[in-house]
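Structure first, then comments.
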Amino acid sequence: MISFKLNGKPVRTTVPEATPLLEVLAHDFQMNGCKFGCGKSQCSACLVMVDGNPVRSCMAPLSAVAGRSVTTLEGLMNGDKPSRLQQAFIDEQAAQCGYCTSGMIVQAQALLDRNPKPSDAEVRTALDGNLCRCGAHNRIVRAVLRAAQGA
Amino acid sequence: MTLKINPTRRDFLQSTGYLTLAFAIPLEDALSQGTPVSAKPRLAGDLNSTRTLSAWLRVNANQTVTLMVGKVELGQGILTAVSQICADELDIDLQRIQLISGDTALVPNEGVTAGSFSMPYCATAVQQASAEVRAILLQLAADKLKQPTASLSVKDGLIQSTSGAQIAYWDLVVGEALNREATGLVKFKPASEYRYIGRPVQRIDLTPKMLGQSMFLQEHRPAGMLFGHIVRPPTYQAKLLSVNLALAQRMPGVVKVVRNGSFLGIVAKREGQALAAAKALTATAKWKVEKVLPGDDGIFDWLRKTTPNKIIQTKVQPRVGGPVPAKTMQATYYRPYHMHASIGTSSAMATLGEDGVMLIQTHSQSVFETALAISKMLGMAPDKVRCQHMQGSGCYGHNLADDAAADAALLAAAVPGKTVRLQYTREQEHLWEPYGSAMVIQTQAGLDEQGNVLDWDLQLWSTPHGTRPSGEPGNLLSARYLAKPFAMPLPVNAGGPNYAADRNAIALYDFPGHKVLTHFITEMPLRASSTRGLGAYANVFAIESFIDELAVAAQVDPVEYRLRYLKDDRAREALVKAAEKFGWASWRKTEGRGRGIGFARYKNIAGYCAVAMEVEVNRQTGRIRVIRAVASSDTGQVVNPDGVMNQIEGGMIQSLSWSLKEEVKFDDTKVLSSDWNSYPILTFSEVPPIDVVLIDRPGSPFLGTGEASQGPTSAALANAVFDATGVRFRRLPLTPERIKEGLDKAA
């Protein structure tokens, strides 16, 4: 039995502790805000925050979050309203297919939490491990900078 | 915005069931049912093949309108664009539209969502259908209110007469009124009256994605769903000799082990269990493996030496009269295999229902043709396989979406009544997708004394660019591995001149002599199929590099040189606008920097696009830094400016990724590019600032824009690198190693 906090709420599961965190979040807790992209920690589509730090959930075992706090894209909402960062992504239309978007927003939120006023270059560096294939990069950077300006 | 995609049939009937109330209407239908199709007027886009208005639109009592389209959302924004058009022509708020897209049981068969055809074919059909439905509703209201139609106006579905009488669309008994063919006679609104067309409307599917609400196929989790995984052979032609099925069958959670010839699959209760069992199968499987590939270094020689299935005279325009050329220039350009490389691996869900129908949720671009191919593979009647489109990761062409649908169906057939979801591993996606074909393009020009083109000669060598399912099971990977295998049909260079391998091989320039020859090779060392732009990416790279070489040789500015041969006014404007936006005239060269420009009109019939770029090349490392890029786009009437910009900009970034970094590596046995480390793509810190200038043409046809910018971008890049270094690079990608090697050799 592993217990942890998921988006602020205590949860527990009897799934084997070596199970990838992504599978547990997507399958057992029906989270949408973490996507399978590579299973090799290469693309960050599966990114979540563990105790505020970005973690690729596809390779992290469930046991790694025992007693910790896991935040997915869903957990960034302000109640039923988009967070400032989510709203900025909507305002900038910062996606095409949107498959990488959840990992982008989670990574960007982790950046803004430690650096509320990042430069364009700092945003790009922070997001360099998040792959986007559609070419929405500049929109995504604009969305993060917009959210930072509004902070 | 309600985006209702893929409801169950029951939902659908519930929302529209009242329409079965028959109602005789006093409308004259000029076209009797018995008229042969050939005698009927040509209707707009896909309305020509699906002519009945009720196949496209329903007016619902719950104050909504259901819009049904065969084209599907791939991240390109098509569903938003068609909604904008429908809302404007029908005079309703956008929020009233409920969309059904890509369900083979419910929507018009619009073929494949590809080729930048969705705007010209689907959007124009929706525009005409919406305008005609509005006219019918006005006529119904006029009869009901006993007012002349000329006295009526509409606002958000509320019809008002100048006399003050009013009635809403939803209160009209529409009944059978829409169950008639379009006439093509109803005029569109003037552009000045549009509320949505031409405005940057937010994409209807993006907000839910940004909030973590369910929108992707991967987020659909019916109760009792099982998980599938498959085992691919180690190589394309490998045959399964033996495997320990019993071992996998005993593993935790395994519901079923499926073997059919060389096809191996697992159905399990959990994703991880299916994957573990698939790994166990892989470990015990023994295969007969062939060594027949030419390798990535040998592919270009292989293309030149292999006997083509066909040599196609794509364009034959001999020069009549004039001087003998004073000199001749020649160059050869190379494009390696590229991947679609979707960020999310391909996925599908399938259920063999009690009614004997195989229901498949898929992110395929070709739901109808894929359903037909799968029905043949499974030996089922065509109407017993139904595909429903659900969104997946962006695909950029024919990737593994259709194979995932076929594999999910093969597994679901083994566990009737259960839903099986399958999502490939990253290795499977990288190794097995049908790549964009490697190509060789040779150009030659006969020139006069001043360096003007007299004769332009282009030859290209390519394997196929179209092996989509097309209703043929042999185009589905797994169907080739079954105990009773389906042979792959011989690929064709479809669509006439300038369409597939030879897409954009005919330069838009008006040269006195102009020949294009396509060496179409149907043997495929690596599996290949439609990848964004097909042959256009490489052909435009070659044409636009070569014309730059000719301009340099003639000592003429490359923009001016192109304008000499560009007679199409819109093409000229696109080129000039991009140059102006870039600041071409005032640009000053500095050490290590260069500028380049590239232009094409996609397929010579779709969107016009020019790209200008500034780069900096580090001679020590060979590293190219793209400083900035600008593009112009003329795609006819712009429906969603932000959507067009997103497509142009996204296409440029993807093309920069192809052109700077991407090449599928393979040896004599197998593909070696198996993940993002061995097949790197462009990252945030490598993406330049991009400016896009739109040239709007209100009232002119929609041209389509999704594949317009890739070709011009690759040439602008190579031309800028030449400008910066004085060395011409003709083999893609322009990696630091290749640039350094070329610079060292030239020094």
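Being among the charged types (D, E, K, R) and within 9 Å of chain B (Cβ to nearest Cβ) is the filter here; which residues of segment A:29-58 pass it? Listed by number, the residues that qualify are A:K35, A:K40. When segment B:716-733 is filtered for residues that are touching a strand residue (DSSP E or B) at 6+ places or on another chain (Cβ under 8 Å), part of a loop (DSSP other than H, G, I, E, B) and surrounded by fewer than 23 Cβ atoms within 10 Å (Cβ to Cβ), the ones remaining, listed by number, are B:R728, B:R730.
Out of B:L140, B:L152, B:L145, one residue alone is in contact (Cβ under 8 Å) with a residue 60 or more places away in the chain and either of a type in the set (A, V, I, L, M) or farther than 20 Å from B:L53 by Cα (or both). It is B:L140. Quick check: is even one residue across segment A:109-117 over 16 Å from the mean Cα position of the chain (by Cα) and either at the interface with chain B (Cβ under 8 Å from one of its Cβ atoms) or at positive phi (or both)? Checking segment A:109-117: not a single residue is over 16 Å from the mean Cα position of the chain (by Cα) and either at the interface with chain B (Cβ under 8 Å from one of its Cβ atoms) or at positive phi (or both). Whether any residue in segment A:74-97 is part of a loop (DSSP other than H, G, I, E, B), facing another protein chain (nearest Cβ under 7 Å), surrounded by fewer than 21 Cβ atoms within 10 Å (Cβ to Cβ) and at positive phi is what I want to check. For segment A:74-97, residues part of a loop (DSSP other than H, G, I, E, B), facing another protein chain (nearest Cβ under 7 Å), surrounded by fewer than 21 Cβ atoms within 10 Å (Cβ to Cβ) and at positive phi: absent. Among the residues making up segment B:199-212, those that are of a type outside the set (G, A, S) and either on the phi > 0 side of the Ramachandran plot or more than 7 Å from chain A (Cβ to nearest Cβ) (or both) are B:R199, B:P200, B:V201, B:I204, B:D205, B:P208. The condition of being free of Cβ contacts under 8 Å to residues at least 12 places away in the same chain, within 27 Å of B:S530 (Cα to Cα) and surrounded by 18 or more Cβ atoms within 10 Å (Cβ to Cβ) holds for only one of B:R480, B:R468, B:R426, that being B:R480. The single residue among B:D402, B:D407 that is farther than 22 Å from B:K279 by Cα, in contact (Cβ under 8 Å) with a residue 40 or more places away in the chain and either among the charged types (D, E, K, R) or within 14 Å of chain A (Cβ to nearest Cβ) (or both) turns out to be B:D402.
Taking the conditions exactly as written (assigned to a loop (DSSP other than H, G, I, E, B), surrounded by 18 or more Cβ atoms within 10 Å (Cβ to Cβ) and under 28 Å from the mean Cα position of the chain (by Cα)), does B:I230 satisfy them or not? No: the conditions fail for B:I230. Looking at B:M215, B:M119, B:M225, just one residue is surrounded by 18 or more Cβ atoms within 10 Å (Cβ to Cβ) and over 23 Å from B:Q637 (Cα atoms), and that residue is B:M215. The condition (being over 20 Å from the mean Cα position of the chain (by Cα), of a type outside the set (S, T, N, Q) and at the interface with chain A (Cβ under 9 Å from one of its Cβ atoms)) is satisfied by just one residue among B:D642, B:D675: B:D675. When the residues of segment A:127-151 are filtered to those that are surrounded by fewer than 21 Cβ atoms within 10 Å (Cβ to Cβ) and either touching a residue at least 24 places away in the same chain (Cβ under 8 Å) or closer than 19 Å to B:Y679 by Cα (or both), the one that is nearest to the other protein chains (Cβ to nearest Cβ) is A:D128. Identification of strands (runs of 3 or more DSSP E) wholly contained in segment B:270-371 with 2 or more residues that are surrounded by fewer than 21 Cβ atoms within 10 Å (Cβ to Cβ) yields B:286-288, B:310-317, B:327-335.
Read-outs: derived from the displayed coordinates by stated rules, not from any lab. None of the values given here were measured: they were computed from a predicted structure. Note that we place each Cβ from the backbone using ideal geometry, even for glycine, and neighbour counts take in every protein chain shown.
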